[in-house]
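Worksheet for the structure shown next.
What follows is calculated from the coordinates using simple rules that are stated; it is not laboratory data. Note that the coordinates shown come from a computational prediction; the quantities given were computed from them, not determined experimentally. When we count neighbours, we look across all protein chains shown, and the Cβ atoms used for this are built from the backbone with ideal geometry, even at glycine.
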Amino acid sequence: MASLDPQGDDVTESIRARGLTQTFGANRILAGLDLDIAPGEFVALLGRSGSGKTTLLRLLAGLDEPSGGNLVVAQPRTVVFQDPRLLPWKRTWENVVLGLPPQGARERAAAALAEVALDHRTDAWPLTLSGGEAQRAALARALVREPALLLLDEPFASLDALTRMRMHVLVEALWRKHRPAVLLVTHDVDEAISLADRVLVLDEGCIALDLHVGLSRPRSPAFAGFYDLRRALLAALGVEAHDDAPLEAFAAGI
């Protein structure tokens, strides 16, 4: 059985996993994984399909229990999924404070929506929101809970390129202001390098690469060193990078 200690006695990390395993029948998805994420650290997680990214995130979110190992996760923790998961029969502000005490709820929701530039849509029904607006509402819902740990499960994957760029800027600004530890699960190598302090590559249930991103913010692929980081990550993902090939071609193998 796994040892789960949400209080984290004598532990300063926002996440500490030791020998974490997860099995489903005869399938071993996580194989003795070790992971540390410090308070306020922004970490991105890459991995090929089936590498265990979603399994790990579900364990960190408390949605599943591990089969074995030790896991300490800071509280409170919140998750933003690829699908905003807004309830269509509740207005935007009601979705933001769903499950929170009713006293002062609307004011808290309004403040959180203002932070994500969505205060003009406070009373809107979710089905009237654009994809980017719905995802900003989901982000406000996560941040209004003032999490010590923010888990992001490919939250920009369904957005168009321009909206995704705007979301990158917003998430970085909110992270700087609130300073939660962040774990971003993504398939986008450039996104990982642009946002994270560290980029991890998960392979066969273990961390195969832990890469420090030593670039100043805000970041651009034009930065010296960006290409070298990209190349190292693609190699760890089993994708051969060519100088004259578009990045989209690499993503097909991830």
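Counting only whole DSSP H helices of the chain, the ones at least 20 Å long by C-alpha along their axis and with mean Kyte-Doolittle hydropathy no lower than -0.5 are 161-178.
In nm², what is the average projected area of the convex hull enclosing the Cα atoms of the stretch 57-179?
Numbers: hull surface 32.7 nm².
Average of the hull's projected areas for the stretch 57-179 equals 8.2 nm².
In a GNM of the chain with a 10 Å cut-off on Cα contacts, which of Gly68, Gly225, Gly99 has the highest mean-square fluctuation? Highest fluctuation among the options: Gly99.
If you take all other residues with their beta carbon under 11 Å from the beta carbon of Leu87, and give Lys and Arg +1 and Asp and Glu -1, the sum is +3.
Give me the one-decimal Kirkwood hydrodynamic radius in Å for the chain, with the sum taken over alpha-carbon pairs.
19.0 Å
Among rounded, prolate and oblate, which fits the stretch 178-226 when a ≥ b ≥ c are the square roots of the eigenvalues of its C-alpha gyration tensor, a/c under 1.5 means rounded, and a/b larger than b/c means prolate? Verdict is oblate for the stretch 178-226.
The mean of 1/r over all distinct Cα pairs in the stretch 1-139, once inverted, gives the Kirkwood hydrodynamic radius of 17.2 Å.
Dipole magnitude for the chain: computed about the Cα centre from +1 point charges on Lys and Arg Cβ and -1 point charges on Asp and Glu Cβ, it is near 720 debye. Overall, the anisotropy analysis places the stretch 88-145 in the prolate class: the square-rooted eigenvalues a ≥ b ≥ c of its C-alpha gyration tensor yield a/c not less than 1.5, with a/b exceeding b/c. Estimated from helices alone, the mean residue ellipticity of the chain at 222 nm is -9000 deg cm²/dmol (sum of -39500 (n - 2.57) over DSSP H runs with n ≥ 4, per residue).
Overall shape: rounded for the stretch 141-219, with the ratio a/c of the largest to smallest alpha carbon gyration tensor axis below 1.5.
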